[in-house]
Amino acid sequence: MPLLPEVPSAAHYYQHLRHAAPYEAAVAELCARHGLPLDVPRRKYPAGNAIVFAVGEAHVVKLFAPPFAEGAHTEARVLAHVDGRLGVPTPTLRASGTLEGWPYLVMSQLPGVSLEEAWPRIPVAQREALLAQLGAALARLHALPPLDVPPPHGSWERFVRTQREGCVERQRSRGLADAWLLQIPGFLERTLAQPESAAPTALLHTEVMRAHTLVQADAAGRWTLSGLFDFEPAMQGHPDYELASVGVFLSGGEPALLRAFCEGYGWPDGALPRAVRRRALAFALLHRYSNLRWYLETVPPPPGCDTLEGLAEAWWGTE
């Protein structure tokens with residue numbers, strides 16, 4: 001009897017299999033295959049493009065449905081490339097392979113809790129220190145030698161062009177109001193016409209957010225970063241593309257937090273130039289998982305902010 005379901009398409013996986021299908025037997029098979037302990041608890045993390053189980057306190061098993069196989073190959077390559085080089089722990093790849101056509105990774109389990117979970121308990125000054133650490137880690141990531149993990153459509157230029165062509169319809173399908181939709185073409189034209197928008201590419205995480213960052217507190221209550229994970233969507237691209245998730249899901253529109261991140265990254269005076277702020281919003285619109293309506297609900301703009309230029313200042317301003 002098969003351990004894993006057939007997945008005819010990504011849509012079928014999302015609709016029928018992401019949460020409902022039983023995966024415990026497949027994970028047990030992989031534990032036995034790779035000598036992981038069988039007598040420890042296994043717990044399933046919330047599902048995304050991959051099925052992820054913690055095995056005890058030391059290992060993680062990550063299963064990729066066949067439509068997302070490329071993510072397994074990307075994550076394996078990136079984990080090997082960044083290991084020990086970011087100043088922040090990242091998972092160590094222990095094994096990889098396929099089970100009934102599903103690629104999988106076996107990784108070390110990082111200590112700590114998600115920054116998202118811990119956030120309400122962390123004092124403001126320590127939040128800023130954590131974001132400065134993350135900024136420094138991403139500067140190291142972007143400075144690494146290039147890795148052959150191209151973006152969708154094969155190159156950065158084609159990725160931007162394709163995302164731009166479908167941007168308005170994509171945002172419309174996700175419920176964005178016409179008042180914003182009508183501004184997108186002109187905003188992208190003005191912003192992406194700048195020469196800096198075609199800068200050399202760097203290795204990007206692409207989804208740096210509190211949910212993908214681990215922290216832990218010492219006996220004195222001081223919080224430190226204990227891990228950065230989920231490199232499945234990593235790719236080579238413009239370094240400022242990284243700011244898309246940072247401004248919305250990490251600093252959350254709080255200037256002091258973004259300034260701390262930028263200081264850690266190495267931006268002079270911890271400030272983003274206006275052109276970079278607008279480019280960050282442009283890349284947020286072009287992000288492969290972009291949903292501006294959801295972003296506006298997650299980080300409501302200040303009263304009276306009704307232009308994309310104003311939104312760029314609200315989310316990526318540091319004053």
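Just to be sure, is residue 185 closer than 15 Å to residue 284 by Cα and exposed (fewer than 13 other Cβ atoms within 10 Å of the Cβ)?
Details: closer than 15 Å to residue 284 by Cα: yes; exposed (fewer than 13 other Cβ atoms within 10 Å of the Cβ): yes.
Yes: the conditions hold for residue 185.
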Q: For residues that are of a type in the set (Phe, Trp, Tyr) and either closer than 15 Å to residue 98 by Cα or touching a residue at least 60 places away in the same chain (Cβ under 8 Å) (or both), tally how many sit in the range 21-79.
A: 3
Q) Within the group 134, 130, which residue is under 23 Å from residue 235 (Cβ atoms), touching a Phe, Trp or Tyr at 6+ places or on another chain (Cβ under 9 Å), touching a residue at least 40 places away in the same chain (Cβ under 8 Å) and in a helix (DSSP H, G or I)? A) 134
Q: Select from the range 297-319 the residues that are touching a residue at least 60 places away in the same chain (Cβ under 8 Å) and surrounded by 14 or more Cβ atoms within 10 Å (Cβ to Cβ) and list them in ascending order.
A: 307, 308, 309, 314, 315, 316, 317, 318
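Do the conditions hold for residue 53, that is, is it closer than 17 Å to residue 3 by Cα and outside any loop (DSSP other than H, G, I, E, B)? Talk me through it step by step, then tell me what you get.
Values: closer than 17 Å to residue 3 by Cα: yes; outside any loop (DSSP other than H, G, I, E, B): yes.
Yes: the conditions hold for residue 53.
Residue by residue, here is whether (1) among the acidic types (Asp, Glu); (2) within 30 Å of residue 195 (Cβ to Cβ); (3) in the same structural domain as residue 30 (by TED's automatic domain parsing) holds:
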position: 99; (1), (2), (3): no, no, yes
position: 117; (1), (2), (3): yes, no, no
position: 127; (1), (2), (3): no, no, no
position: 130; (1), (2), (3): no, no, no
position: 134; (1), (2), (3): no, yes, no
position: 143; (1), (2), (3): no, yes, no
Q) Out of 48, 87, 35, which single residue is at pLDDT below 95, outside the structural domain of residue 232 (by TED's automatic domain parsing) and either more than 28 Å from residue 213 (Cβ to Cβ) or in a loop (DSSP other than H, G, I, E, B) (or both)? A) 48
(Q) Looking only at the range 79-130, filter to residues that are touching a Lys or Arg at 6+ places or on another chain (Cβ under 7 Å) and charged (D, E, K, R); which one of those is surrounded by the fewest Cβ atoms within 10 Å (Cβ to Cβ)? (A) 85
Q. Taking the stated definitions as given, is residue 233 assigned by TED's automatic domain parsing to the domain that holds residue 196, without any contact (Cβ under 8 Å) to a residue 40 or more places away in the chain and not in a helix (DSSP H, G or I)?
A. no
Q.
When you check residue 55 against the structure, is it β-branched (Val, Ile, Thr) and either over 20 Å from residue 227 (Cβ atoms) or more than 19 Å from the chain's Cα centre (by Cα) (or both), yes or no?
A. yes
Q) So which pairs qualify, if the first residue must be in the range 152-171 and more than 17 Å from residue 281 (Cβ to Cβ), the second must be of a type in the set (Ser, Thr, Tyr) and modelled with pLDDT of 95 or more, the Cβ gap must be under 7 Å, and the two must be at least 6 apart or on different chains? A) 153/162
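Just checking, which of 133, 163 is surrounded by 12 or more Cβ atoms within 10 Å (Cβ to Cβ), of a type in the set (S, T, N, Q) and under 16 Å from residue 261 (Cα atoms)? Spell out the reasoning first.
Details: 163 fails: under 16 Å from residue 261 (Cα atoms).
After applying the criteria, what remains is 133.
What about residue 256, is it part of a helix (DSSP H, G or I), assigned by TED's automatic domain parsing to the domain that holds residue 175, at pLDDT 95 or above and within 23 Å of residue 124 (Cβ to Cβ)? It would help to see each step written out before you state the result.
Working: part of a helix (DSSP H, G or I): yes; assigned by TED's automatic domain parsing to the domain that holds residue 175: yes; at pLDDT 95 or above: yes; within 23 Å of residue 124 (Cβ to Cβ): yes.
Against the criterion (part of a helix (DSSP H, G or I), assigned by TED's automatic domain parsing to the domain that holds residue 175, at pLDDT 95 or above and within 23 Å of residue 124 (Cβ to Cβ)), residue 256 qualifies.
Only residues that are out of contact with any Phe, Trp or Tyr (no Cβ under 6 Å at 6 or more places or on another chain) and either assigned to a strand (DSSP E or B) or not small (Gly, Ala, Ser) (or both): list them for the range 65-78, please. Spell out how you get there, then give the answer.
Let us first name the residues in the range 65-78 that are out of contact with any Phe, Trp or Tyr (no Cβ under 6 Å at 6 or more places or on another chain), namely 66-70, 73-74, 76-77.
66, 67, 68, 70, 73, 74, 77 - these are the residues of the range 65-78 that are out of contact with any Phe, Trp or Tyr (no Cβ under 6 Å at 6 or more places or on another chain) and either assigned to a strand (DSSP E or B) or not small (Gly, Ala, Ser) (or both).
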Q: Those residues that are small (Gly, Ala, Ser) and surrounded by fewer than 13 Cβ atoms within 10 Å (Cβ to Cβ), I need them from the range 1-43; list them, please.
A: 9, 11, 20, 25, 32, 35
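The values are calculated or read from the model by the stated rules, or taken from the named source; none is laboratory data. Since the model is a prediction, treat every value here as computed from it, not as a measurement. Neighbour counts run over all protein chains shown; Cβ positions are idealised from the backbone, glycine included.
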